[in-house]
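Working notes, structure below.
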Amino acid sequence: MAVVLGCIADDFTGATDLANTLVRNGLRTVQLIDVPAPDAPIPDVDAIVVALKSRTIPAQDAVSQSLAALNWLQAAGCKQIFFKYCSTFDSTDDGNIGPVTDALMAALDADFTIACPAFPETGRTIFKGHLFVGDQLLSDTHMAQHPLTPMTDSNLVSVLQRQTKQSIGLVQYRDVARGTEAIRARFDALRASGERIAIVDAVSDDQLTSIGEACRDLKLITGGSGVALGLPANYRAAGWVAANAGADSVPSVSGKAAILSGSCSAATLGQVARFAQDHPTFRVDPAALADGKPVVADAIAWAGERLDEGPALIYASAPPEEVKAAQDRLGRAKAGDLIEEAMAEIAKALVETGVRRLVVAGGETSGAVVGALGVTGLHIGAQIDPGVPGCVTTGDVALALALKSGNFGAEDFFEKALAQMP
Ligand code: ADP
């Protein structure tokens with residue numbers, strides 16, 4: 001069967017989060033990194049998620065990258081398009097959610113779409129157009145001080161209206177609570193009165209499922225991964241995808257295994273400590289790297305002696321006081337870059353010596369590793385811990401990857417990830 005859903009995500013971990021939701025709801029899904037080459041093969045799946053890094057770049061660049069992704073997805077035969085952004089609606093008055101939505105609507109000749117970032121599982125709910133994070137309005141949270149996209153207004157109708165000339169409407173809770181038909185009737189009423197994009201209230205997964213069902217005939221849907229919950233049922237009802245119990249099955253990969261951790265988040269520190277109790281570990285020291293010591297070569301040689309016996313962990317992860325010491329000496333960006341480059345180089349060398357199963361901790365660290373390995377696509381497999389699926393790369397040399405950002409995963413995440421990689 002042909003690809004049904006084409007998704008454009010404005011960042012990497014957001015793309016994985018959406019892909020994970022689709023797989024868990026029965027769609028075979030591949031995540032592609034950046035816009036594929038025009039002649040890139042079309043994967044045999046139900047949904048494709050193109051991961052861009054367009055959240056905070058200038059709006060015109062975000063528009064052109066998103067349109068390039070759209071072109072590719074349309075050529076691949078996708079019947080519906082999804083624009084995925086953060087569940088905290090990360091954007092400024094200059095964009096990029098409004099301008100990208102406008103451009104996608106124009107290119108698709110779509111006269112109506114929704115904007116619904118709600119993700120109740122992680123506490124993001126929308127009521128009367130206002131976005132809450134847990135029990136607080138968005139603008140009362142740390143997001144008000146975000147360095148790139150400070151969110152100082154929780155009223156999404158106003159926030160989005162400042163980003164677009166198209167008229168923004170609202171589908172209120174009272175209609176959403178009445179279910180799919182009431183939501184669809186409200187879409188029709190808004191469309192008839194000239195509103196082109198509707199913020200949609202949602203406080204539960206049930207409501208998101210109804211909203212997804214109500215979006216059956218829209219060419220474009222925009223929002224967080226939650227609103228994708230209801231889409232697979234539409235495609236099954238239309239006969240576009242098979243009832244798919246095995247959507248999370250990925251090619252099996254065997255080979256040596258390693259863990260690379262460049263995340264200093266609290267959850268990762270616990271995972272590193274737990275794994276270190278009964279596995280070999282190697283610490284990458286930023287100060288030694290800065291002094292030009294052969295840390296990378298030492299790590300590779302160390303791993304070479306151990307990985308035949310079983311998995312081992314190479315980590316830069318450190319508690320806040322050590323991170324601060326490294327940053328005071330090197331500067332925040334330099335310390336981060338040095339370690340990311342080291343981890344990327346180590347990953348490349350490990351794969352060259354036969355490692356085929358890699359767990360990577362850290363969002364930026366994962367980006368650096370995936371880039372160095374030249375990964376262009378990921379088959380999304382079963383979830384290891386909430387929000388983190390196991391993946392297998394597309395392409396000639398299949399690698400099993402688990403890419404975990406920041407505070408995700410339980411304390412035994414590394415063991416669990418390795419156990420799940422066949
Ligand atoms: P997370 O997902 O937990 O935020 P990231 O990989 O995105 O993890 O970011 C962690 C950043 O911290 C990376 O840039 C990494 O290189 C850097 N880093 C890792 N270890 C150290 C350390 N010991 N000192 C300073 N910076 C570090």
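Taken together, the values in this text are just the output of simple stated rules run on the coordinates, not laboratory data. Since we're looking at a predicted model, the values are computed, not measured. Cβ sites come from the backbone with ideal geometry, for glycine too, and all protein chains shown count toward neighbours.
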Could you compute Rg(Cα) / (2.2 N^0.38 Å) for the chain, with N its residue count?
1.00
Checked against the positive end of the charge dipole of the chain (+1 on Cβ of Lys and Arg, -1 on Cβ of Asp and Glu, about the Cα centre), the farthest of Thr353, Ile339, Gln145 is Gln145
Pick from Ser263, Ser366, Ser64: which is most flexible by mean-square fluctuation in a GNM of the chain where alpha carbon atoms under 10 Å apart are linked?
Ser64
Magnitude of the Cβ-charge dipole of the chain, K/R +1 and D/E -1, about the Cα centre, nearest 20 debye?
680
GNM on the chain, Cα springs under 10 Å; top mean-square fluctuation among Lys219, Lys324, Lys404 goes to Lys324
Distance between region 141-187 and region 202-251 - C-alpha centres, whole angstrom:
20
Linear extension gain, Phe127 paired with Arg274, 0.36 nm per residue minus alpha-carbon span
48.9 nm
Share, in percent, of DSSP beta bridges within the chain that are antiparallel, nearest 5:
30
So what is the 222 nm mean residue ellipticity for the chain from helices alone, if each DSSP H run of at least 4 adds -39500 (n - 2.57) and you divide by all residues, rounding to the nearest 500 deg cm²/dmol?
-11500 deg cm²/dmol
For region 256-420, build the charge dipole from Cβ charges (+1 Lys, Arg; -1 Asp, Glu) around the Cα centre, then report which of Pro320, Ala301, Ala267 sits farthest towards its positive end.
Ala267
Please compute the modelled spin-label separation between Ala382 and Gln74, points set 7 Å along Cα→Cβ, answer in nm with one decimal.
4.0
Mind jotting down the distance between the C-alpha centroids of region 253-306 and region 1-49, whole Å?
31
The distance between the Cα centres of region 329-386 and region 125-140, in whole Å, is 34
Which log10 I(q)/I(0) values does region 177-232 give at q = 0.12, 0.21 Å⁻¹ under the Debye formula, counting every alpha carbon as one identical point scatterer?
-0.24, -0.75
For the ranges 374-380, 89-95, what's the packing order if you count other beta-carbon atoms within 10 Å of each residue, average per peptide, and put the highest first?
374-380, 89-95
Mind jotting down the three principal axis lengths of region 5-237 based on Cα atoms? Whole angstrom, largest first.
45, 41, 33
Once the in-chain neighbours fewer than 8 apart are removed, the lysines whose Cα is under 26 Å from Lys165 read Lys53, Lys84, Lys128, Lys219
Based on the Cβ-Cβ distance of Ala301 and Asp140, what FRET efficiency does E = 1/(1 + (r/R0)^6) give at R0 = 45 Å, to the nearest 0.05?
0.30
Just going by the charge dipole of the chain, with Lys and Arg at +1 and Asp and Glu at -1 on Cβ, which of Leu231, Ile380, Cys86 is farthest out on the positive end?
Leu231
GNM on the chain, C-alpha springs below 10 Å: top fluctuator among Ala110, Ala233, Ala47?
Ala110
